[in-house]
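Colleague: My questions all concern the structure below.
Bear in mind these aren't lab numbers, they're just calculated from the coordinates by the rules spelled out. All values reported here derive from a predicted model rather than from experimental measurement. Virtual Cβ from ideal backbone geometry, glycine too; neighbours counted across all protein chains shown.
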Ligand code: CTP
Ligand code: MG
């Protein structure tokens, strides 16, 4: 029962996890870095960066693309929720918007780009994904609660691993 709920929750959120994991990887690919630009085009608001250099166009597009691709591929498996490739796109977009919202909030508080805020950094994309999925009528409370609990430790392990494998510049 618990195990199937856990697996169901991970299966449900997978596109958002991928959408959130892909952008940090592109920093290690040189040609992508060359053609990239910050989402806020380096602009500030009241003396503070709007989002900061950690939110980029390539990150947004690649996150959306790979997250949606995962959702599309999930449609070929006989598990719930079924078929709807749209859900993969919505979860990915929600994840990326949630992450941008957190950066906007961090900058307003004067936290430097890349600065750590425990729990916000790990959960911004989950909340964003559920908010947007909720607008489409896909909100699942049980999955939401489970993912709020299990995402921070999963995030920690995958980030330390990504950092050790030289895929990611910071271990958080
Ligand atoms: N990233 C990106 N585009 C995005 C999101 C993330 O290019 N839309 C890349 C950036 O290289 C960023 C890295 O992923 O530095 C890590 O993402 P994140 O931790 O969300 O950003 P931070 O750099 O920590 O910045 P912030 O303080 O704004 O969260
Ligand atoms: Mg960060």
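Colleague: Do we have residue 34 as over 15 Å from the mean Cα position of the chain (by Cα), farther than 25 Å from residue 146 by Cβ and surrounded by 20 or more Cβ atoms within 10 Å (Cβ to Cβ) here?
Modeller: no
Colleague: Another question, then. Could you tell me which numbered condition residue 36 fails, if it satisfies all but one of (1) part of a loop (DSSP other than H, G, I, E, B); (2) within 13 Å of ligand 2 (Cβ to nearest atom); (3) over 23 Å from residue 9 (Cα atoms)?
Modeller: Only one criterion is unmet by residue 36, namely (2).
Colleague: Can we say residue 23 is within 19 Å of the chain's Cα centre (by Cα) and more than 10 Å from ligand 1 (Cβ to nearest atom)?
Modeller: So residue 23 does not fit the description; no.
Colleague: Just give me the residues in the range 132-149 being loosely packed, with under 15 Cβ neighbours inside 10 Å and touching a residue at least 60 places away in the same chain (Cβ under 8 Å), in sequence order.
Modeller: If the condition is that a residue be loosely packed, with under 15 Cβ neighbours inside 10 Å and touching a residue at least 60 places away in the same chain (Cβ under 8 Å), then 142 is the only one that fits.
Colleague: Closer than 30 Å to residue 5 by Cα, part of a loop (DSSP other than H, G, I, E, B) and out of contact with any helix residue (DSSP H, G or I) (no Cβ under 8 Å at 6 or more places or on another chain), is that true of residue 53?
Modeller: no
Colleague: Need the failing condition index for residue 171 against (1) touching a residue at least 40 places away in the same chain (Cβ under 8 Å); (2) part of a loop (DSSP other than H, G, I, E, B); (3) within 16 Å of ligand 2 (Cβ to nearest atom), just the number.
Modeller: Here residue 171 meets the rest and fails (1).
Colleague: What about residue 123, is it part of a helix (DSSP H, G or I), free of Cβ contacts under 8 Å to residues at least 40 places away in the same chain and more than 16 Å from ligand 2 (Cβ to nearest atom)?
Modeller: Criteria not met by residue 123.
Condition check ((1) within 21 Å of residue 148 (Cα to Cα); (2) in contact (Cβ under 8 Å) with a residue 12 or more places away in the chain) across all residues:
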residue: 3; (1), (2): yes, no
residue: 6; (1), (2): yes, yes
residue: 42; (1), (2): no, no
residue: 66; (1), (2): no, yes
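Colleague: Output the number of residues of the range 50-83 satisfying the condition of being within 20 Å of residue 104 (Cβ to Cβ) and near ligand 1 (Cβ under 10 Å from one of its atoms).
Modeller: 13
Colleague: Quick test of your reading of the structure: residue 139 fulfils all but one of (1) within 15 Å of ligand 1 (Cβ to nearest atom); (2) outside any helix (DSSP H, G or I). Name the failing condition by number.
Modeller: (1) is the only condition that residue 139 fails.
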